[in-house]
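The values are calculated or read from the model by the stated rules, or taken from the named source; none is laboratory data. All values reported here derive from a predicted model rather than from experimental measurement. Note: ideal-geometry Cβ built from the backbone for every residue, glycine included; neighbour counts use all protein chains shown. Calculation scope for accessible area: heavy atoms of the full protein, side chains included, ligands and nucleic acids excluded. Shrake-Rupley method; radii C 1.70, N 1.55, O 1.52, S 1.80 Å.
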Amino acid sequence: MENSTGPEKRYDTLTAAERSFVDEVAHHYHTAHGVTWEKGRVMAWMIISDPPEQTLEQICAAVDATPEAIEQLIEQLTLAGLYQRVEEPGREPRYRLVDDGYPKAVSDTFASWPEYHRIFQFGLEVLADAGAERRQRVAEIEELFGHIVGDLADMSRRWEEHRRTVSA
């Protein structure tokens, strides 16, 4: 099958370097987050896909997966704003990685962490009279978020500064 840029990419026709990258990302998501290999490959492929807009069929071919294995991921990442669904009359829907999608997703995740910290501080209040073991589980999480939240503002500021410097 051909696309507008030449032969359709299939997993077995990716270059060795492309397959290595796709599998490295998939391995990370699999070992660090329990994501299936197919879903990890989708996440990598959509970063380097050619063309950048891919139909579900093209994505499946490139990562050696079935639509059933990845449709839910595509939908979740579209709803999360990481992918964009492109629809035109008479054409199959296509998906593309949103420009600046990963930095925005990471920033949005970090932005929610102060609220987690607040919730676990509240949990410590709720468990003020609870046994030490029960309270300790909440205290460890509260301490983690307290430590991380303390660094987030500076980290976000440095990232924005870096982006302004690079784009100038």
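Check Arg134 against each of (1) within 20 Å of Phe21 (Cα to Cα); (2) assigned to a helix (DSSP H, G or I) and name the one condition it does not meet.
The failed condition is (1).
In the stretch 67-80, is there at least one residue being modelled with pLDDT under 95, in contact with a Cys (Cβ under 9 Å, 6 or more places away or on another chain) and surrounded by 13 or more Cβ atoms within 10 Å (Cβ to Cβ)?
Yes, because at least one residue in the stretch 67-80 is modelled with pLDDT under 95, in contact with a Cys (Cβ under 9 Å, 6 or more places away or on another chain) and surrounded by 13 or more Cβ atoms within 10 Å (Cβ to Cβ).
Restricting attention to the stretch 54-113, report how many residues are under 11 Å from the mean Cα position of the chain (by Cα) and not aliphatic (A, V, I, L, M).
9
(1) of a type outside the set (S, T, N, Q); (2) open to solvent by 90 Å² or more (accessible area, probe 1.4 Å); (3) touching a Phe, Trp or Tyr at 6+ places or on another chain (Cβ under 8 Å): which one isn't true of Tyr95, the others all being true?
Against the list (1) of a type outside the set (S, T, N, Q); (2) open to solvent by 90 Å² or more (accessible area, probe 1.4 Å); (3) touching a Phe, Trp or Tyr at 6+ places or on another chain (Cβ under 8 Å), Tyr95 comes up short only on (2).
For the stretch 128-162, name all the residues that are open to solvent by 70 Å² or more (accessible area, probe 1.4 Å), free of Cβ contacts under 8 Å to residues at least 12 places away in the same chain and within 30 Å of Asp100 (Cα to Cα).
Leu144, His147, Asp151, Ala153, Arg157, Arg158, Glu160, Glu161, His162
Any residue at all in the stretch 109-126 that is under 26 Å from Ile70 (Cβ atoms) and either open to solvent by 50 Å² or more (accessible area, probe 1.4 Å) or aromatic (Phe, Trp, Tyr) (or both)?
Yes, the stretch 109-126 contains at least one residue that is under 26 Å from Ile70 (Cβ atoms) and either open to solvent by 50 Å² or more (accessible area, probe 1.4 Å) or aromatic (Phe, Trp, Tyr) (or both).
Does Glu125 fit the bill of being closer than 18 Å to Arg137 by Cα and acidic (Asp, Glu)?
Considered against the rule, which asks whether it is closer than 18 Å to Arg137 by Cα and acidic (Asp, Glu), Glu125 comes out as yes.
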